[in-house]
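Asks: Have a look at this one before I ask anything.
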Amino acid sequence: MKKQVMGKQKNTELNFLYMDEQKNAKKQKNIVKTKKKNTRAGKRSAQESNTFNFDNEIVIGVTKIPDERNNVTNNKKKIKTKVKDKNTKKEKNKINSSNNRRTRENIDNIYKTKTKQNSKNSKRKSKIVKGIIKWTILLSALIAAFIYFMMSPLFNLSEIQIQNNEKISTDTIISLSRLTIGDNIYKTSINKIEKNIKQNAYIESVEVKRKLPNIIQINVKERKTTYNLEYANSFVYINNQGYILDILENKLEVPIIEGYTTSGENMIVGNRLNDEDLEKLGTVLKIMESSSVNDISNLITKINISDKQNYIIFLEGEKKTVYLGDASNLSTRMLYLKAILSEELGIEGEIFINGDLNKSNVYFRRKE
C-alpha cells in the first residue's frame, strides 16, 4: 500500500511539472513574439536615433521587462534538479528496500538456524532423558532380581567355621556372632558380626568371610595373658597392650606387676590401664625381652613399677631381688645379672645394678 501511495504522489508531481513546462513554453513563444516586435521597433528607433538602447539604458518611471530566456533556463534547471532529486530518492529507496530485504532475510535465516539448533538440542535432551529412564528401569529390575536371588533358600546358613581360637571356645565365638543356622547369610552384615565378636576382651581382631553358597568363616586373633595385677584378693589379667582381659580368683603362672596406679573403678574387663601405667608397661616389656635373650625371663616372678627410676625384679625361685635402676643399657645390665646368678646360685640376697655402670660397681649382698 505504501508503494502504491508513493507512486501516485510521484505521478501527480510529474503532471504538475509537465503543466509548468507547457506554461513556460507558451510564455517563451509570447516572449519571442514581443522580442520580434521590439526588434522591429528597435530597428525603427535605431534608425531614428542610433545612440539610445532601451535594454542598456535606465529610464526613470519605466520598469524594465525581465529577460524571459533566463527565466526559462532557470525553470529548466529547477526541473532537472527536481528530477535528479526524485531519481536519487528513488535510488535511495531502492537501496533501503534492498537492504531491508537483506536484513530481513538474514534475520529469517538466523531465526531458522536457531530454531533448527533448538529443535536438535531438544531432541538430544529428550533422547538422553529417555536413555536415562530406560537404564534406571533396567538397573532397578536387575537389582530387584539380584536381591530376590540372594534371599532365596540357596543362601541359608548351614555351617559356621571358627579358626585360630585357643583361649575362647568355638561355642562362645558363635554365640558372640549372633548367627543362627538356617538364616540367610546376607541377613547380617559382616561389620556387625565382627563388632559383636570383639566384645570379648580376648579378641584382638576378627575377619569374617562368606563362602558361597551357605558357609560363614570366622578367623580370630586372640590377646594373650602376659601379666597380672593383684587386686582385692583376686588377679586382674592383662596383655602386652595393657588391656584387662579377665579378673579371676585363681593365680596363673605369669609375672605379677606391683606398684600400678590404675584405680579400682577402672578395673573392668575390656578397659586399659591408665597412661602412666601404660608407659611403665612399655619399659617392663623391654626388660622381659632383654631377659629372654639372656635366658632369664622364666626366672622373673614379679616386677615393681612404683619408681620408674628404679625398677625392681623379684626372682622368687632364686630367692633374689634385683634393683635394675631406670632400665637404661639393659643389655649390659642383664649380662651382669646373668653372671651374678651363676656365681651366687641358690644363695638368697639382693643384686644392685641400679647405678651408673661407668662409675659405680655392680655387687651382690647376701641376706643375713
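Each reported figure results from applying straightforward, stated rules to the coordinates on display, with no laboratory input. Note that the coordinates shown come from a computational prediction; the quantities given were computed from them, not determined experimentally. Here the Cβ positions follow ideal geometry from the backbone for every residue, glycine too, while neighbour counts run over all protein chains shown.
Asks: What number, in percent, do you get for the relative contact order of the stretch 103-200 if the mean sequence gap of Cα pairs under 8 Å and at least 6 apart is divided by its residue count? Kindly include the intermediate steps, with their values, before the conclusion.
Replies: Numbers: 34 pairs, mean separation 23.8, N = 98.
In percent, rounded to a whole number, it is 24.
Asks: Using label points projected 7 Å from each Cα along Cα→Cβ, tell me how many nm separate Ser158 and Ser297, to one decimal.
Replies: If labels sit at Ser158 and Ser297, their model points lie 4.5 nm apart.
Asks: Give me the percent relative contact order of the stretch 306-350, please, defined on Cα pairs under 8 angstrom at least 6 residues apart.
Replies: It rounds to 40 percent for the stretch 306-350.
Asks: Right, something else. Report the charge-dipole magnitude of the stretch 233-277 in Debye, nearest 20, computed about the Cα centre from +1 at each Lys and Arg Cβ and -1 at each Asp and Glu Cβ.
Replies: The dipole of the stretch 233-277 has a size of about 120 debye.
Asks: Please give the length that would be gained between Ile137 and Asn121 if that part of the chain were fully extended, namely 0.36 nm times their separation in residues minus their C-alpha to C-alpha distance (nm, one decimal).
Replies: In short, 3.3 nm is gained.
Asks: Give the separation of the Cα centroids, the stretch 302-318 to the stretch 183-234, in Å.
Replies: When both Cα centres are located, 35 Å separates them.
Asks: Test of understanding: what is the full-extension gain from Ile128 to Glu368, defined as 0.36 nm times their sequence separation minus their Cα-Cα distance? Please list the in-between numbers first.
Replies: On the way: separation 240, 0.36 × 240 = 86.40 nm, distance 9.86 nm.
Extra length from Ile128 to Glu368 when fully extended: 76.5 nm.
Asks: Calculate, in nm to one decimal, what Ile147 and Arg272 gain on full extension: separation in residues at 0.36 nm each, minus their alpha carbon distance.
Replies: Going from the current span to full extension adds 40.7 nm.
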